[in-house]
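Have a look at the structure below before the remarks.
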Amino acid sequence: MENDRRPDPEAILARIEADERSSSRGRLKIFFGAAAGVGKTFAMLQAAHERLAEGVDVVVGHVVTHGRAETEALLAGLPILPERQVTHRGHVLEEFDLDAALARKPKVLIVDELAHTNAPGSRHARRHQDVEELLRAGIDVYTTLNVQHIESLNDLVAQITGVTVRETVPDSVLETADDVALVDLPPDELLARLREGKVYIPEQAERAMANFFRKGNLIALREMSLRCTADRVDAQMQVYRKAEGSERTWPITEKILVCISPSPSAVRVVRAGRRLARRLRAEWTVLFVEQPRHVALGEADREYATQGLRLAEQLGAEAITISGHDATEEVLSFARARNFSRIVVGKPARFWWLRELFVGSFVERLARRSGDIDVFIVHGDAKEDDAARPAIPPPKPAVDWSGYAWAAGTVAACSVIAGVMARHFELSNLIMVYLLGVVISATRWGRGPSLLSALLGVAAFDFFFVPPFLTFAVSDYQYVVTFLVMAAVAVTISTLTVRFKEQAEVARQRERRTGALYSLSRELASTRSLDAMIAAIRRHVEEAFEGRTAVLLAGEDGRLATRDAAAHPFVQDPKETAVAQWVHEHAEAAGRGTSTLAGAEALYLPLVGSRGPVGVLALRPEPDRRPLNTDQMHLLETFANQAALALERALLAREAHRSRLAAEGENLRNALLAAVSHDLRTPLAAISGAASSLAFSEDRLPPPARRELVLTIHEEAERMTRLANNLLDMGRLQSRSVALRREWQPLEEVFGAALQELDLQLRDREVVLRLPADLPQVPIDEVLIERVLVNLLENAARYTPPGTPIELAAAAGQGEVRIDVLDRGPGLLPGEESRIFEKFVRGETAPSRRGIGLGLAVARSIVEAHGGRIWAENRPDGGAAFRFTLPLKGEPPESPSEPPEPEPGP
Amino acid sequence: MSDVAPTVLLIEDDPQIRRFLRATLPAHGFRLIEAEAGERGLVEAATRNPEVVLLDLGLPDIDGLEVTRRLREWSAVPIVVLSARGLERDKVAALDAGADDYLTKPFGVEELLARLRVALRHASRAGGDVPGPVFAAGGLEVDLAARRVRTAGQEVHLTPTEFRLLAVLVKHAGKVVTQRQLLVEVWGPGAAGNAHYLRVQMHGLRHKLEKTPARPRYLITEPGVGYRLREEG
């Protein structure tokens, strides 16, 4: 079918992305070999010379020649970046200087030994991380790598050669490399070079290395490196063909589910899964089913699972933890729900004979019930995996012997009670007493003690209550059945009770985590202000992780800053700030407990929202705390995700608010032009008309007419003054060039000033003032609030019949003061109440009225700038009411009834 | 007011304002000297010995504040500054630098004449004419010597601070007094920033002296600038 051959859009997209990424990113070229001594560095330097000859800016960042003359000769003529001197435990180490390289920013940088582990105190723990940063900075990197350093091949190499390599590089580095040049040398020639002393071997490892460089090993390593390169080429071919649509390569995508348990084999199973996934080019997921019984394990045992999950993530898998009681059931339902075609499990390391006898092993059950899903069993022998053992040796489970003693005591108590009851009750009732003892032991002391009490119970029952008494002998053989049933019931009860308790414990732990998250997200959802959000985030993270936290937000220039720096000095430290900034720019966690910039005091997580990074969450654990385990890390990441989304929401809201203000400003400007042309032209026409008739025909005008013209000029000029004042106020308020100069003051003063200014206009009116004596002081900009009052009063004076009273009143309310300007005029037309505060709506509803224009809009802007509201309504008994509120935020300054005594008078 | 027409020096760059005052002031018994820039104004002030200076704050060469400062280095001539509304800070700066009063543009003739008269009266007092010990305006009487205050014939009891505040305003009666000036004169230089002292005291004073404190007859607030004791009740 035609469609099948059409290029897969996603594949094309992926290729374009890869192309694009590589255009802004630097290109990585790896000189890849089977073992030391095959000539990788040599080949790399030769390539560097070629590029240099082409005129490319090539710089050597770091090369180790091991004193080989041929290699050293090649270094000549290449610009070399000075190395960084690091003092570690008295030794001076030479390290690659990442910052110098980033600052120099050559086109191509040569960095030897990709698998190298950096000296403590370097920014990244590993050199491949340095290289990643270089690539991101757009620098092309040439580097070298041996096959035994590849993470997923690590244990294969160990198996073949018997030498465990600890410095590994994630497979993804090799896979995403733009070029891999295989440097190959037949084993015989390599051995010859070795004999000639051309291969550098560190003295301390001479014997191990001698073992390593055996022909068999070398052949195997060579095969591995060749296969590895071939796989890569094959993958490239697949990508190419897929994009070209030449062939539909995979009818269905394979999906592999790798199941791990908290045992030393976890890491090995993950690596095996990875190899399989790679060969099949399948998606893969690593699953850990957390079972109630795992709670009883020590932290070190659980750390195995954690380690496996972490490795899975590093190798590019999705790592998932679910909890459930029946691992088989959980794994299968998970696999079915998500369409996994293959399941990889480890061979059990230990044999739980009891369990397997009755229910079959996990692997057996899985195989039996997996249906059409293939199950792969990989060997999970723990012995060879000592290298992968967690840093904390698993402590022997501390056996609490007192539990057993208590269980025995319980059985003794049961026997006493049963003894008392024996005279009046049947034997079957006595059994019940013992079963009760088992239940008590199971709930209080756990599995072991409850099993002991079950066995002791049966024995005691036999000894005391089954004839012949006080012996274990049994006269009537039907009692044997009784014992067996009793034992079975007791064991079942004990198992069920213990399991129930364990499940409750797992549930409680989950509950706690979910609860912490839930309460954070709930609080964030109900919080609107940025500062309150940050406070909530900090509080929740500090509660859950015991440490000091800080939220740093990026400013417009991308620099991070706290909004409440005073609270935590560690954020002020320039070294810490630099780490935070790095984390923000790279959107990767770093700092304490990670492999990047591990020397930092705190752990820094990027806060990445849906539209990009918004800031950084810093957590400085209490000094004696251990680094977070994967579980905690995941939880913290989830916290960070929640926080990032919430913060992004708040920032977007702020941005939206700003752009709304900007749009409003734009509307204002347009309306302003229209209004200015009208409001300025009308009085101007009158003034210039009157003035011209005075100027050119004064002697012909009778005195009353002249007076009339002069008055016209005066009145129209006043009108223009008012307009100009309002325009000026509006302009300044809109452009925010006026910062509010708020001071706490009595309203009375502002009232007085406004009435004073309108003395003339209000001369023929009764002005009723209602100011309660106990009115609190209000934080206002008196100049601006006076404008509000003047505009409202002027408005009232202008639009109500002369002689009608005007009332000015103020009253304190809940957290605010309300001011009313009331008149007895004709009131407002329906619908006009809210519209009159909009800019320049004057005239539409009341054509005869002049100049509402800007006055009320200015009043609104000022009131809103103070955080208050303004509105108008009709009074029920006639007239209009203009009301506004002013919030009473903060505390008025201390105002002693009698301020400091003045200096003595003159 | 003196018998001969008092001389007014107008330092203003806007020709229309100069034209308007040139037509108006002589009609009200003033002699007018004009200067269109700050430097020129300083020269005129030194050579023509005006009795009052009308100074625009926005001048093309040196700003009005600078003119005020330089004038005050050698002259006590009353200065009335002219400035647009909304520039309260400039006004306060000029007043604190030694200007005597201000007028907001645009202004009416009556307002201008009232300011000029107050300025001239204060200048003549400073020239040795001691103000009467009793200030009276409308129903308000303040006897500075006896430290007695009456409104509408009723004696009013003031706290020492209130009295002192009132005394400063009486001393400058009719002129605007900036918040800073009041604070410094009443509480001393250390109190210049504590505007709320002033508000509290002014509130108390108004409630004792004014019939309607929110619509004062005597103690007028000039928003953003300071206070003025009105003389004509």
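The values are calculated or read from the model by the stated rules, or taken from the named source; none is laboratory data. Here the structure is a predicted model, which means the values were calculated and not measured. When we count neighbours, we look across all protein chains shown, and the Cβ atoms used for this are built from the backbone with ideal geometry, even at glycine. Side chains are part of the model used for accessible areas, which takes the heavy atoms of the whole protein and leaves out ligands, DNA and RNA. Shrake-Rupley method; radii C 1.70, N 1.55, O 1.52, S 1.80 Å.
Observations, loosely collected:
- Test: residue in region B:68-77 that is closer than 30 Å to A:N726 by Cβ and among the charged types (D, E, K, R): no
- Looking only at residues of region A:251-292 that are open to solvent by 30 Å² or more (accessible area, probe 1.4 Å) and basic (K, R), we find that the one that is farthest from A:I322 (Cα to Cα) is A:R279.
- Enumerated helices (runs of 4 or more DSSP H) restricted to region A:49-159, each holding at least 3 residues that are open to solvent by 50 Å² or more (accessible area, probe 1.4 Å): A:69-75, A:98-104
- Which listed residue is in a helix (DSSP H, G or I), within 10 Å of chain A (Cβ to nearest Cβ), among the small types (G, A, S) and open to solvent by 20 Å² or more (accessible area, probe 1.4 Å), from B:G224, B:G190: B:G190
- A:S697, sole failed condition from (1) open to solvent by less than 60 Å² (accessible area, probe 1.4 Å); (2) within 60 Å of the chain's Cα centre (by Cα); (3) at pLDDT below 90: (2)
- The residues of region A:521-534 that are open to solvent by 30 Å² or more (accessible area, probe 1.4 Å) and in contact (Cβ under 8 Å) with a residue 24 or more places away in the chain, listed by number, are A:S521, A:A525, A:R528, A:S529, A:D531.
- Some residue of region A:570-585 being open to solvent by less than 50 Å² (accessible area, probe 1.4 Å), small (G, A, S), without any contact (Cβ under 8 Å) to a residue 40 or more places away in the chain and at positive phi: no
- Listed by first and then second residue, the pairs linking a residue in region B:51-68 that is within 15 Å of B:R18 (Cα to Cα) and free of Cβ contacts under 8 Å to residues at least 12 places away in the same chain to a residue that is part of a loop (DSSP other than H, G, I, E, B) and of a type in the set (A, V, I, L, M, F, W, C), with Cβ atoms under 8 Å apart and 6 or more places separating them unless they lie on different chains, form an empty list.
- Against the conditions (1) within 12 Å of chain B (Cβ to nearest Cβ); (2) open to solvent by less than 30 Å² (accessible area, probe 1.4 Å); (3) over 60 Å from the mean Cα position of the chain (by Cα); (4) modelled with pLDDT under 85, A:N726 satisfies every one except (3).
- Qualifying residue in region B:213-220 (condition: more than 17 Å from B:H172 (Cα to Cα), open to solvent by less than 20 Å² (accessible area, probe 1.4 Å) and within 7 Å of chain A (Cβ to nearest Cβ)): yes
- Any chance A:E807 is within 14 Å of chain B (Cβ to nearest Cβ) and either of a type in the set (D, E) or open to solvent by 20 Å² or more (accessible area, probe 1.4 Å) (or both): yes
- Residue match in region A:730-737 (condition: within 11 Å of chain B (Cβ to nearest Cβ), closer than 23 Å to A:R860 by Cβ and among the small types (G, A, S)): yes
- In region A:412-456, the qualifying residues are those that are part of a loop (DSSP other than H, G, I, E, B) and touching a residue at least 40 places away in the same chain (Cβ under 8 Å), and the one that is farthest from A:V480 (Cα to Cα) is A:G446.
- Residue list for region A:439-480, restricted to those being more than 19 Å from A:L427 (Cβ to Cβ) and among the aliphatic types (A, V, I, L, M): A:V439, A:I440, A:A442, A:L451, A:L452
- Number of residues in region A:742-778 that are closer than 17 Å to A:T800 by Cα, more than 9 Å from every other protein chain (Cβ to nearest Cβ) and in contact (Cβ under 8 Å) with a residue 24 or more places away in the chain equals 7.
- Odd one out for A:V858 among (1) open to solvent by 20 Å² or more (accessible area, probe 1.4 Å); (2) at pLDDT 80 or above; (3) more than 23 Å from A:L771 (Cα to Cα): (1)
- Selection within region B:144-163 - open to solvent by 40 Å² or more (accessible area, probe 1.4 Å) and outside any helix (DSSP H, G or I): B:L144, B:A145, B:A146, B:R147, B:R148, B:R150, B:A152, B:G153, B:Q154, B:E155, B:H157
- Output for region A:139-198, where each listed residue is closer than 17 Å to A:V111 by Cβ and more than 31 Å from the chain's Cα centre (by Cα): A:Y142, A:T143, A:T144, A:L145, A:N146, A:H149, A:D179, A:V180, A:A181, A:V183
- Selection count where residues are open to solvent by less than 30 Å² (accessible area, probe 1.4 Å), within 26 Å of B:S124 (Cβ to Cβ) and either within 14 Å of chain A (Cβ to nearest Cβ) or assigned to a helix (DSSP H, G or I) (or both), scope region B:58-91: 6
- In region A:176-201, the residues that are closer than 25 Å to A:K29 by Cβ, modelled with pLDDT under 80 and open to solvent by 50 Å² or more (accessible area, probe 1.4 Å): A:K198, A:Y200
- Only one entry in B:L140, B:L166, B:L209 is open to solvent by less than 20 Å² (accessible area, probe 1.4 Å), modelled with pLDDT of 85 or more, more than 24 Å from A:D781 (Cβ to Cβ) and more than 14 Å from chain A (Cβ to nearest Cβ), namely B:L140.
- Checked against the criterion of being in contact (Cβ under 8 Å) with a residue 24 or more places away in the chain and either farther than 24 Å from B:A119 by Cα or within 11 Å of another protein chain (Cβ to nearest Cβ) (or both), the candidates B:Q181, B:Q201 yield just one match: B:Q201.
- Just one residue in the set A:A796, A:A812, A:A872, A:A865 is away from chain B (no Cβ under 14 Å), over 20 Å from A:G752 (Cα atoms), in contact with an Asp or Glu (Cβ under 9 Å, 6 or more places away or on another chain) and modelled with pLDDT of 85 or more; that residue is A:A872.
- Residue ID - farthest from B:R228 (Cα to Cα), chosen from residues in region B:169-187 that are charged (D, E, K, R) and either surrounded by fewer than 19 Cβ atoms within 10 Å (Cβ to Cβ) or under 15 Å from the mean Cα position of the chain (by Cα) (or both): B:R180
- Some residue of region A:764-780 being closer than 17 Å to A:G855 by Cα and open to solvent by less than 40 Å² (accessible area, probe 1.4 Å): no
- Being within 24 Å of A:A405 (Cα to Cα) and out of contact with any helix residue (DSSP H, G or I) (no Cβ under 7 Å at 6 or more places or on another chain) is a property that holds for A:A488.
- Filter result for B:A23 (surrounded by fewer than 15 Cβ atoms within 10 Å (Cβ to Cβ), closer than 23 Å to B:G108 by Cβ and among the hydrophobic types (A, V, I, L, M, F, W, C)): yes
- Of the residues making up region B:95-114, those that are more than 13 Å from every other protein chain (Cβ to nearest Cβ), assigned to a helix (DSSP H, G or I) and under 21 Å from B:R18 (Cα atoms) are B:L112, B:L113, B:A114.
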